[in-house]
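What follows is a single structure, written as structure tokens, with notes after it.
Where a number appears in this text, it was derived from the coordinates with a stated rule and is not lab data. Since we're looking at a predicted model, the values are computed, not measured. Cβ coordinates were reconstructed from backbone atoms using ideal geometry, including for glycine residues, and neighbour counts include every protein chain displayed.
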Amino acid sequence: MLDRYTRADVGALTPDEAGRFSPDGPGDPRKDADLAWELLYRLEPELYDRLASAERLHPEVVNWLPRDVDSILEVGAGTGRLTMELIDRGQQVTVVEPALPLRRILRRKIAAAGRPERVRLLPGYFDQLPLPDDSASLVVSCSAFTPEPGHGGEAGLTEMERVCKPGGRVAIVWPNHLDWLAARGYRYLSFPGPMFVEFRSHREAVELSEIFYPQAAGEIRRRGWRRVPFEALGVNPPRDLAYKVLAS
Ligand SMILES: C[S@@+](CC[C@H](N)C(=O)[O-])C[C@H]1O[C@@H](n2cnc3c(N)ncnc32)[C@H](O)[C@@H]1O
């Protein structure tokens, strides 16, 4: 991934995006992995979607989410790995995603699911959520929030809690920086069991691992894997979440 884009590609960001993801002028995506991912979302959104579709969430993470909720907000929804699980859980689901190419893919998926009336899809960022105070009973984000200011940070967590109703839940699915979240009152849950990245074919497993997990590509090719154990990739599987119930 780190060698996929060059400084010239940073021009794909809007001025607002560049200010957030490359604040000191056009950065070098060969040295800045976060910047390289932001370029992937904008330059090759379908490629990103193929990866995210293979990295499925642990079913117990999905089961843990409340059902029959009046209003849900998801932030940093990408192409909808979690969103598609939320559609039937909320009477009104608001989805915030800053990258236009990812919003386009997600809009297509929501339409294909036949539920466009339930979902409001908006541009926005963790630290500038386009919703009033106390407006969602579940505020959730999956594989998007980090303590870095460009990807949430202190201001982003405060914003998520601002729009969450009293007694509602803020949940960070597939979190990193657990200590940072624990220090802010977030409880941690992890669900056991073997987990695999479920590529559509062995061929796709080889193709995508060469891009995203080059250190594992040789083993995947040798073993003929389509389903790749997360351990072989050296990444933490999407089996966990951190959450806070706000005071009523
Ligand atoms: C790894 S993707 C995860 C997408 C999706 N939630 C999923 O699980 O497939 C990270 C997402 O966070 C979004 N993102 C990055 N910075 C953000 C910010 N400051 N505020 C909101 N979303 C952001 C990206 O556009 C991208 O969709």
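Sorted by average packing, counted as other Cβ atoms within 10 angstrom per residue and highest first, what order do 191-202, 43-54, 72-83 take?
Going by the mean number of other Cβ atoms within 10 Å, highest first, we get 72-83, 43-54, 191-202.
So how do 10-17, 152-159 stack up, highest first, on mean other-Cβ count within 10 Å?
Ranked from most to least packed, the peptides come out as 152-159, 10-17.
Can you tell me which aspartates and glutamates have their Cα less than 13 Å from the Cα of Lys165? Leave out same-chain residues fewer than eight positions away.
Output for Lys165: Asp70, Asp133, Asp134.
Using the Karplus curve 6.51 cos²θ - 1.76 cosθ + 1.60 with θ = phi - 60°, work out ³J(HN,Hα) for each residue of region 64-80 in order, rounded to whole Hz, and write x for Gly and Pro.
Once θ is set to phi - 60°, the couplings for region 64-80 become 5, 5, x, 9, 6, 8, 5, 8, 10, 10, 10, 10, x, 6, x, 9, x Hz.
Taking Cα centroids, how far is region 153-207 from region 7-28 in Å?
Cα centres, region 153-207 to region 7-28: 26 Å.
Quick one: net charge of Gly124's neighbours, Cβ under 10 Å, K/R +1, D/E -1? Write down the numbers at each step before the final one.
Working: positive: none; negative: Glu97, Asp127, Glu159.
My count for the surroundings of Gly124 gives -3.
Over the chain, what is the percentage of antiparallel beta bridges among all DSSP beta bridges, to the nearest 5?
Working: 13 of 33 bridges.
That works out to approximately 40 percent antiparallel.
Say a paramagnetic label sat at a point 7 Å from the Cα of Arg120, along Cα to Cβ; which residues of region 82-101 have their backbone N under 12 Å from it?
Correct set: 92-96.
Tell me the angle of helix 202-212 to the major Cα principal axis of the chain, expressed in degrees between 0 and 90 and rounded to the nearest ten.
Result, in degrees: 80.
With 25 Å as the cut-off, how large is the P(r) tail for the chain, expressed as percent of Cα-Cα pairs? Write out the running numbers ahead of the final one.
Details: 13529 of 30628 pairs.
Counting pairs separated by more than 25 Å, the tail of P(r) holds 44 percent.
In deg cm²/dmol, rounded to 500, what helix-only [θ] at 222 nm does the chain give when every DSSP H run of at least 4 residues adds -39500 (n - 2.57) and the total is split over its residues?
-10000 deg cm²/dmol
Quick check: net charge around Gly114, other residues with Cβ under 14 Å of its Cβ, Lys/Arg +1 and Asp/Glu -1?
Surrounding charge for Gly114 is +3.
Let a ≥ b ≥ c be the square roots of the eigenvalues of the Cα gyration tensor of region 44-165; is it rounded (a/c under 1.5), or, if not, prolate (a/b larger than b/c) or oblate?
Here region 44-165 falls in the rounded category.
Residue-wise, which Karplus ³J(HN,Hα) couplings in Hz belong to region 99-116, taking 6.51 cos²θ - 1.76 cosθ + 1.60, θ = phi - 60°, and x for glycine or proline?
Values, residue by residue: 7, 4, x, 6, 4, 4, 5, 5, 4, 4, 5, 5, 5, 5, 7, x, 10, x Hz.
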